[in-house]
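Structure, as structure tokens:
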Amino acid sequence: MSLSKTVALVTGGASGLGRATVERFLKNGAKVVMADLGSSKGNDVAKSLGDNVVFVPVDVTSEADVKTALETAKSKFGRLDLSVNCAGTAVAFKTYNFNKNLPHKLEDFQRVIMVNTVGTFNVIRLSAGLMGENEPNQDGQRGVIVNTASVAAFDGQIGQAAYSASKAAVAGMTLPIARDLSPHGIRICTIAPGLFDTPMLQALPDKVRTFLAKSIPFPQRLGHPDEYAQLVQAIYENPLMNGETIRIDGALRMQP
Ligand SMILES: CC(=O)CC(=O)SCCNC(=O)CCNC(=O)[C@H](O)C(C)(C)COP(=O)(O)OP(=O)(O)OC[C@H]1O[C@@H](n2cnc3c(N)ncnc32)[C@H](O)[C@@H]1OP(=O)(O)O
Ligand SMILES: NC(=O)C1=CN([C@@H]2O[C@H](COP(=O)(O)OP(=O)(O)OC[C@H]3O[C@@H](n4cnc5c(N)ncnc54)[C@H](O)[C@@H]3O)[C@@H](O)[C@H]2O)C=CC1
């Protein structure tokens, strides 16, 4: 499917990696539904990007919200070819903080799993239904799904139990979903980014960011969000990419 005929849904599309993906696809002539929280900058960002993008306020954990976004893709642009899951959230707290005599809050653990894991699955399952309505191309393909895990799925640091668990679950569901959807011509891959220069990472103290960047073998810098978007495009355009989780991290292996 050529990019100029592509209709994409991008969750978390108002910021960081999601926004870079929205911008890259728009530049290549695609139509995009940007789904993000009502409290995000989505409305203003979408307005600044022209008529081929529409913002829909969506909490990815809500069935009704995701259905509204998909109905918008269909009513405004006629179809859905690609869903990109970028919506995500993080928490940093030790399993038990002995200095403060406090256990990790169960609500924090549940919130991160709910958004990163359940929210991602919610978007996948509902997107698949709409992609299934597409006529298959000459390869039998009807659609593509791209998720965002993290290198923390494999080498999570101190304080990352909840975040790492939520992202490992996304990596873990990738192959079985590829198997579920294969008979219907829908591919799915997961990207596991290393350290990218986005608002999520800007929340870390400068010292930590600099230390983390220095631990990347090469190139020794934070990733540019468009380098993530470039990989989304490569997965979308390569018909053989399916069922795999791909690290994009400059060979980083995070230390404890
Ligand atoms: C976004 C992505 O997808 C990509 C990424 O993952 S980017 C990587 C993100 N990494 C993180 O966010 C790291 C998360 N962890 C942390 O921020 C901190 O470890 C934490 C906030 C959880 C620590 O909490 P804290 O409140 O400082 O814990 P507390 O128990 O009071 O810690 C202090 C002790 O832990 C040690 N400690 C904390 N973090 C440590 C670390 N990473 N390595 C070694 N020791 C550490 C401190 O040196 C200190 O030692 P003492 O008790 O001997 O004084
Ligand atoms: N920046 C980095 O270095 C890395 C980021 N990631 C992952 O990449 C994804 C994108 O992260 P960034 O762009 O860095 O962060 P970001 O914080 O800039 O963007 C995340 C977006 O998700 C939205 N969001 C949060 N909860 C939501 C919900 N319930 N429903 C809908 N939207 C929601 C936020 O409003 C925000 O716009 C996340 O899943 C993150 O975990 C993974 C590895 C590294």
### Message
Residue pairs, Cβ under 9 Å, 6 or more apart or interchain, first in segment 183-207 and over 23 Å from Ala234 (Cβ atoms) and of a type outside the set (Phe, Trp, Tyr), second more than 11 Å from ligand 1 (Cβ to nearest atom) and open to solvent by 10 Å² or more (accessible area, probe 1.4 Å). List them.
### Response
Pro199/Ser15
#### Entry: Residue, nearest to Val32 (Cα to Cα), within segment 85-132, restricted to residues that are among the β-branched types (Val, Ile, Thr) and within 10 Å of ligand 2 (Cβ to nearest atom)
Val123
## Note on the structure
Asp51 passes all but one of the listed conditions (1) over 28 Å from Leu240 (Cβ atoms); (2) in contact with an Asp or Glu (Cβ under 6 Å, 6 or more places away or on another chain); (3) more than 16 Å from ligand 1 (Cβ to nearest atom); the exception is number (2)
### Summary
If we keep only residues of segment 101-129 that are more than 26 Å from Val7 (Cβ to Cβ) and aliphatic (A, V, I, L, M), then the residue surrounded by the most Cβ atoms within 10 Å (Cβ to Cβ) is Val112
### Message
I'm checking my understanding of the structure. Among residues of segment 230-256 that are part of a helix (DSSP H, G or I) and open to solvent by 50 Å² or more (accessible area, probe 1.4 Å), which one is nearest to ligand 2 (Cβ to nearest atom)?
### Response
Gln230
### Query
Got at least one residue in segment 218-229 being in contact with a strand residue (DSSP E or B) (Cβ under 9 Å, 6 or more places away or on another chain), open to solvent by 50 Å² or more (accessible area, probe 1.4 Å) and modelled with pLDDT of 95 or more?
yes
### Selected residue (criterion: farthest from ligand 2 (Cβ to nearest atom)) from residues of segment 160-205 that are open to solvent by less than 10 Å² (accessible area, probe 1.4 Å) and of a type in the set (Gly, Ala, Ser)
Ala178
### Query
Filtering segment 1-30 down to residues that are hydroxyl-bearing (Ser, Thr, Tyr) and within 19 Å of the chain's Cα centre (by Cα), which residue is farthest from Lys76 (Cα to Cα)?
Ser15
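The values are calculated or read from the model by the stated rules, or taken from the named source; none is laboratory data. Given the structure is predicted, the values throughout are model-derived calculations rather than measurements. Positions of Cβ are backbone-derived with ideal geometry, glycine not excepted, and every protein chain shown enters the neighbour counts. SASA here: full protein model, heavy atoms, side chains in, ligands and nucleic acids out. Shrake-Rupley method; radii C 1.70, N 1.55, O 1.52, S 1.80 Å.
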